[in-house]
Amino acid sequence: MMKSEEIFSFAALYDTWLDPKGEKLNTCTIITTRPNELVKPIHNRMPVVLRKEIEAEWLNREIEDIDYLQSLLVPYDEHEMKAYPVHTMVGNVRNDSPECIAPLAQ
């Protein structure tokens, strides 16, 4: 989470394609990278969080420079983020409620 609690964007890939049966599928994946120092004790990878100033570039279909796009896929500045423990229910994809992100009492 951002310390500012503002909305943020992940780097992701989205595609629509036909499966072997000819059915249209819409798919999306979040791109991950190595963890920053805040996330490192929690997990060995983290989503790529896009800085506001590069969101439009990431979404620009005319940018085809692979090296440049890959240079955007770095860990977010840990000084602008915060972490806190949450309930283990967050680990089950069937759970989708505000309790999943509520801080646990410490």
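From the set of residues in segment 1-48 that are in a strand (DSSP E or B), of a type in the set (Phe, Trp, Tyr) and under 14 Å from the mean Cα position of the chain (by Cα), which is surrounded by the fewest Cβ atoms within 10 Å (Cβ to Cβ)?
If we take residues in segment 1-48 being in a strand (DSSP E or B), of a type in the set (Phe, Trp, Tyr) and under 14 Å from the mean Cα position of the chain (by Cα), then 14 is surrounded by the fewest Cβ atoms within 10 Å (Cβ to Cβ).
Taking the condition surrounded by 10 or more Cβ atoms within 10 Å (Cβ to Cβ) and charged (D, E, K, R), does residue 61 pass?
The answer is no for residue 61.
Within the set of pairs 6 or more residues apart or between chains, which connect a residue that is within 23 Å of residue 12 (Cβ to Cβ) and surrounded by 12 or more Cβ atoms within 10 Å (Cβ to Cβ) inside segment 74-96 to a residue that is of a type in the set (Ser, Thr, Tyr) and at pLDDT 95 or above with Cβ atoms less than 8 Å apart?
74/33; 75/33
The values are calculated or read from the model by the stated rules, or taken from the named source; none is laboratory data. All values reported here derive from a predicted model rather than from experimental measurement. Every residue, glycine as well, gets a Cβ built from its backbone with ideal geometry; the counts of neighbours run over all protein chains shown.
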